[in-house]
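Take a look at the structure set out below.
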Amino acid sequence: MDKDNQFIIERENNKYEVVIGLEVHAQVTSQSKLFSSSSTKFGSEPNTQVSLVDAAFPGMLPVINEFCVKQAIKTGIGLKAQINKKSVFDRKNYFYADLPQGYQISQYKYPIVGEGKVILDMPYGPKEVGIERLHLEQDAGKSIHDIDPNNTFVDLNRSGVALMEIVSKPDLRSPDEVNAYIKKLRSIMRYLGTCDGNMQEGSLRADVNVSVRKLGSKDFGTRCEIKNVNSIKFMQQAIVYEANRQIDLVEDGKEIDQETRLFDTKKNETRSMRSKEDAHDYRYFPDPDLLPLEVSDDYINQLKNEIPELPDEKKKRFIEKFELSSYEANILVSDIETSKYFEEVIKNSDVKLATNWITGELFAVLNEKNLEISESPVSSNNLSKLINLIKDGTISGKIAKTIFEEMINGDQDPQKIVEEKGLKQESDPKALEELIDKVIMNNTDKVEEYKSGKDKLFGFFVGQAMKESKGKGNPQLINKILKNKLNG
Amino acid sequence: MTLDLKTVKHISKLARISVDEEKANKLAGDLNSIFEFIEKLNELNTENVEPLTSVANTTLRFREDEVQSQNIREKILSNSPDNNEDFFVVPKVVE
Amino acid sequence: MSEITKQSLNELIDNIKNKKLSSLEITKAFVERSEKSKKLNAYVTDNFSQALDNAKKFDEKPNFELKLPGIPIAVKDLFCTEGTRTTAGSKILNNFIPTYESTVTKNMWNEGAILLGKLNCDEFAMGSSNETSFFGNVQNPISENLVPGGSSGGSSSALAANLTPVTIGTDTGGSIRQPASFTGTVGLKPTYGSCSRYGIVAFASSLDQAGPMSTNVKDAALLLEVISSFDKKDSTSIDFKRNKYSSELTNNIKGLKIGIPNEYRVEGMPSEIEDLWKKGIDYAKECGAEIIDISLPHTKYALPTYYIVAPAEASSNLARYDGVKYGFRSEGENLIDMYEKTRSEGFGEEVKRRILIGTYVLSSGYYDAYYLKAQKVRQLIKKDFDDAYKKVDAILTPSTPSSAFKIGEKTNDPVSMYLNDIFTVPVNLAGLPGISIPAGLDKKGFPLGLQIIGKPFDEQSILNIAYSMEEKISYKNNLTDWWI
């Protein structure tokens, strides 16, 4: 790896490297919860999506949702990981207001997915990040501390929603790599349809493990776990703060305590979460209400057949088949919706033009209006029509931009705009000849000057001819005719 | 083995059951006599034995991904010690 | 026709079907006797007026196709009953009213039965004498100040005293069979996975099973037929072909091989029990069974194993009683303070002891030494039975190492209390069906039971053996109604 691209923190006499591992909690896309049949819909009234099982009423029992199991296996396949044919659900015991059972059902010793990997496209080349494991677990409810000064309010709507915890190896070395890793995971899961990756709604959160070591050292330092960070920006800020805090301790010859820390987004700092005295002892043991989860090879293979083309493969295909640059291909595949849009546009139109229009004009509009591509004001169908109008010479690129402006307001058919506004390119040589003759007649003095050697005036005639055609004249034809007339 | 007072207090803390000194002493006594009897298991060599979690000799049965529970907030909150129509309410959490 | 409350379940059903008795007459009789029997303290919550209403409703539109047509039945207060308080014998659920019904009780109501009330039990089913109940001791109708056994002590007492024609209990380590043995009644623990655990307040999930308690084997067979069902709401419920236990019941057990485990001759066991066992063996022979000596070498490790596995699961199962969602709450300065006070005041001493044992054996550094070890020994215990069942069809043992003891006799010595379950616990650990039938009296005139243990899902064979032995034994409780 290119040394220049490393994230190095320097102190007077020492250079430090940061070692990062992530435990990503990704909400499984499903209709109902992992062990109960209540809805997973986001944003409902408090405690309206809570079943007797979710609220841990006496005698209530968990029954597993097969779809969530399939989603976890598919994600495992997407991470090129080992799928474990036998896995076990354990209870993780601790008390908290938003944990109604007094334990979380999770997978401890025997997760459903084992080791895998993710490839990141970094400016300095591809970087492989190891996946340690992926397991299924229940989400907790939500504690609300700011309604009442003396009380905490508990909403159990999220309680029991299926999460995939994806644990990376400590292979990440910089905030940029963390950014790329999260985005790549998100991209893969969105392609698979296993997690919507919506960080605002909490569908994707991460615990960040950070340690530091002197550059060149092979040993790991003592790590701290920063809990439940819910945006990439905060993850990056927390890493920078935490790495510097740990380096300060090392520089001062102090010990780093292995502990759980919290990132305070207002103060932009991490702080210790629990006193050591109350150190957690989760007393994991196999949940006796559930039996071992077993899946066959056939079952896994069936799911493999359902896996769509994933970003890495798609990128490769785009580069090979369409001769896109790696940069262009990256932009087009990183989000599944973008890739879908692109592929729809190019079904009936030119790839090169489509690439330019999507990554240029369309992205500019989406950015400006803060829209997702799925909300694009211009449908893929109409964009492909517009591109075809350019390609077959019906309109010029310049007119196309004018039409595109129109299309934004209500996804109109570009063909219609051309017809209604009479924007069709004038390519009839006779008509063009007529208007060029007119231009020549009206500018006899300029014609003389040109003929006496002032070549630069050619542009002036093109401009006048264009103007005369109200911008619709075919520029290539105008050029050709003008040249004949003036030089002839 | 003997369970000392400190251990009794530690596990009481884990189990979220408050015990005073007197109770802890009594519990230590009781628990020790129970563990003395449990220690009998150490006579057995279980090195190559597979642990048995469930006697149900089968695997996990799947449920379809269907929403069946409706909004039963009223029922869910009907036994709640605090009378709030929307939430469960607990004393302020202090970390 | 004999007094209504002295009739068996099957007799009552016949009389209802033949229109000799109405559901209301029957229900009234049991309600009246129950009301006169407050001294037994068998009920935690009665449902008498509702039961009489329901009996009237049944009589208005009777359906005699049902298996329990208009029969009033009181159940252990561990079964959640919709709209009727369910306490599990604990202060922490003192005011809990479920909005749902357990599968087992629902099966009963679907067959026409009527809820008579909720019966006392040891707190969260943890106990062998019903002395850990928040709602007080239960008297054994056999003799004053005698425990009725536990944890289904309210059930055994109410049944023996004819306050309910049959009842259901739950059995984690002997909680159906031991109280049946102590009260001269029949109690059956089905194979693990036979009766749904949905809606039953959990004690130890890998061991808990509901089962019938009755005054005779035929009634037990019928009630088992009603309550045993495959239930998708319980992931450990097993989908196997269930017999029509009552109509398939036969006293022909010729050629069945019955094993006698040498290891059940425990030190200090009263000779009367040894004698009773011998008598039982003779009866079984007379019935045509073949008696075979067998070995269950790990028997002595069953109790220590049980006292790791059950508390471990319980410590986690009982974590949900935290004062947040339902039940008792003690006010605290903050969340943790509230938890600690609620659980300290809401649970009784035995429950707290077991929660702490369970917490300890699962805690970091001790898991392998205790919990994992116990799971391995559990495997050995199960294997003992698997091996034995290669040679025999069922196993005959005493139900308990002694008859019922006095109230207060063992409350200060947890271990001696635990030893009561020595013959019943291995059956739970191996997940097998077991039935206790009354077999005679000891010197003090207290009942003693014999236990027949079956192969997994072979409830029919142990019912048949019990049925044929019951004929030979012809035991009957001799009630003085001392409490009325």
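Among the conditions (1) buried (at least 24 other Cβ atoms within 10 Å of the Cβ); (2) within 11 Å of chain A (Cβ to nearest Cβ); (3) touching a Gly at 6+ places or on another chain (Cβ under 9 Å), C:Tyr360 misses just one, which is (3).
Yes or no: region A:269-283 includes at least one residue that is within 14 Å of chain C (Cβ to nearest Cβ), touching a Phe, Trp or Tyr at 6+ places or on another chain (Cβ under 8 Å) and crowded, with 17+ Cβ neighbours inside 10 Å. Yes. Restricting C:Leu188, C:Leu224 to residues that are in contact with a Pro (Cβ under 7 Å, 6 or more places away or on another chain), surrounded by 24 or more Cβ atoms within 10 Å (Cβ to Cβ) and more than 25 Å from C:Phe405 (Cα to Cα) narrows the list to C:Leu224.
Taking A:Gly216, is it surrounded by 18 or more Cβ atoms within 10 Å (Cβ to Cβ) and at positive phi?
no
For (1) closer than 30 Å to B:Ser12 by Cα; (2) touching a residue at least 60 places away in the same chain (Cβ under 8 Å), each residue gets a yes or a no:
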position	(1), (2)
A:Arg223	yes, yes
A:Ile232	no, no
A:Asp252	no, no
A:Asp264	no, no
A:Thr270	no, no
A:Tyr282	yes, yes
A:Pro288	yes, no
A:Ile300	no, yes
A:Leu303	no, yes
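When each of B:Ser18, B:Ser69, B:Ser80 is tested for being assigned to a loop (DSSP other than H, G, I, E, B), free of Cβ contacts under 8 Å to residues at least 12 places away in the same chain and touching a strand residue (DSSP E or B) at 6+ places or on another chain (Cβ under 7 Å), the lone residue that passes is B:Ser80. Selection over region A:420-458 of residues that are part of a helix (DSSP H, G or I), surrounded by 12 or more Cβ atoms within 10 Å (Cβ to Cβ) and in contact (Cβ under 8 Å) with a residue 24 or more places away in the chain gives a count of 12. Taking the criterion of being exposed (fewer than 15 other Cβ atoms within 10 Å of the Cβ), at pLDDT 95 or above and either in contact with a helix residue (DSSP H, G or I) (Cβ under 9 Å, 6 or more places away or on another chain) or among the basic types (Lys, Arg) (or both), the only residue of region C:1-16 that qualifies is C:Lys6. Within region C:328-349, the set of residues being within 18 Å of B:Ser80 (Cβ to Cβ) and either facing chain B (nearest Cβ under 7 Å) or crowded, with 20+ Cβ neighbours inside 10 Å (or both) comprises C:Phe328, C:Arg329, C:Gly332, C:Leu335, C:Met338, C:Tyr339, C:Lys341, C:Thr342, C:Arg343, C:Gly346. The set of residues in region A:461-488 being assigned to a helix (DSSP H, G or I), charged (D, E, K, R) and exposed (fewer than 15 other Cβ atoms within 10 Å of the Cβ) consists of A:Lys467, A:Lys480, A:Lys483.
Search region C:57-82 for residues being within 14 Å of chain A (Cβ to nearest Cβ) and surrounded by fewer than 24 Cβ atoms within 10 Å (Cβ to Cβ), and hand back the single one that is farthest from C:Leu224 (Cα to Cα).
Our first condition is that a residue be within 14 Å of chain A (Cβ to nearest Cβ); within region C:57-82, this holds for C:75-82.
Next cut, surrounded by fewer than 24 Cβ atoms within 10 Å (Cβ to Cβ) only: C:81-82.
Numbers: C:Thr81: 19, C:Glu82: 22 Å.
Restricting to residues being within 14 Å of chain A (Cβ to nearest Cβ) and surrounded by fewer than 24 Cβ atoms within 10 Å (Cβ to Cβ), the top hit is C:Glu82.
Taking region A:48-85 on its own, how many of its residues are among the polar types (S, T, N, Q) and facing chain B (nearest Cβ under 10 Å)?
First, pick out the residues of region A:48-85 that are among the polar types (S, T, N, Q): A:48-49, A:51, A:65, A:71, A:75, A:82, A:84.
Checking which are facing chain B (nearest Cβ under 10 Å) leaves us with A:48-49, A:51, A:65, A:71.
Of the residues in region A:48-85, 5 are among the polar types (S, T, N, Q) and facing chain B (nearest Cβ under 10 Å).
Looking at (1) touching a residue at least 12 places away in the same chain (Cβ under 8 Å); (2) at the interface with chain C (Cβ under 10 Å from one of its Cβ atoms), can you tell me which one B:Glu43 breaks? Status for B:Glu43: all satisfied but (1). Filtering C:Ile453, C:Ile437 for residues that are among the hydrophobic types (A, V, I, L, M, F, W, C) and within 18 Å of C:Ile168 (Cα to Cα) leaves a single hit, C:Ile437.
For region A:127-184, please list each of the strands (runs of 3 or more DSSP E) lying entirely inside it that holds at least 3 residues being under 21 Å from B:Lys92 (Cβ atoms), touching a strand residue (DSSP E or B) at 6+ places or on another chain (Cβ under 8 Å) and within 14 Å of chain B (Cβ to nearest Cβ). Write out each step before concluding.
Details: elements: A:142-144, A:151-155, A:162-168.
Those strands (runs of 3 or more DSSP E) span A:142-144, A:151-155.
Yes or no, residue by residue, for (1) free of Cβ contacts under 8 Å to residues at least 60 places away in the same chain; (2) away from every other protein chain (no Cβ under 14 Å); (3) surrounded by 21 or more Cβ atoms within 10 Å (Cβ to Cβ):
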| site | (1), (2), (3) |
| --- | --- |
| C:Glu272 | no, yes, no |
| C:Asp275 | yes, yes, no |
| C:Glu286 | no, yes, no |
| C:Glu290 | yes, yes, no |
| C:Ser295 | no, yes, no |
| C:Ile308 | no, no, yes |
| C:Glu313 | no, no, yes |
| C:Asn317 | no, no, yes |
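One residue is enough: does region C:69-89 have a residue meeting the conditions without any contact (Cβ under 8 Å) to a residue 60 or more places away in the chain and aliphatic (A, V, I, L, M)? There is no residue in region C:69-89 that is without any contact (Cβ under 8 Å) to a residue 60 or more places away in the chain and aliphatic (A, V, I, L, M). For region B:51-79, the candidate set comprises residues that are more than 30 Å from C:Thr191 (Cβ to Cβ) and within 11 Å of chain C (Cβ to nearest Cβ); within that set, the residue that is surrounded by the fewest Cβ atoms within 10 Å (Cβ to Cβ) is B:Glu74. Regarding C:Asp368, is this residue more than 10 Å from chain A (Cβ to nearest Cβ) and within 30 Å of C:Trp277 (Cα to Cα)? Criteria not met by C:Asp368. So, in region A:25-44, of the ones that are at the interface with chain B (Cβ under 7 Å from one of its Cβ atoms) and over 17 Å from A:Lys70 (Cα atoms), which residue ends up surrounded by the most Cβ atoms within 10 Å (Cβ to Cβ)? If we take residues in region A:25-44 being at the interface with chain B (Cβ under 7 Å from one of its Cβ atoms) and over 17 Å from A:Lys70 (Cα atoms), then A:Ser38 is surrounded by the most Cβ atoms within 10 Å (Cβ to Cβ).
The number of residues in region B:80-95 that are more than 7 Å from chain A (Cβ to nearest Cβ) and either surrounded by fewer than 16 Cβ atoms within 10 Å (Cβ to Cβ) or out of contact with any Lys or Arg (no Cβ under 7 Å at 6 or more places or on another chain) (or both) comes to 5.
Condition check ((1) closer than 26 Å to A:Asp155 by Cα; (2) assigned to a loop (DSSP other than H, G, I, E, B); (3) touching a strand residue (DSSP E or B) at 6+ places or on another chain (Cβ under 6 Å)) across all residues:
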| residue | (1), (2), (3) |
| --- | --- |
| A:Val19 | no, no, yes |
| A:Leu22 | no, no, yes |
| A:Ser37 | yes, yes, no |
| A:Lys70 | no, no, no |
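The values are calculated or read from the model by the stated rules, or taken from the named source; none is laboratory data. What you see is a predicted model, and the numbers here were worked out from it, not measured in a lab. Positions of Cβ are generated from backbone atoms using ideal geometry, with glycine treated the same way; all protein chains shown enter the neighbour counts.
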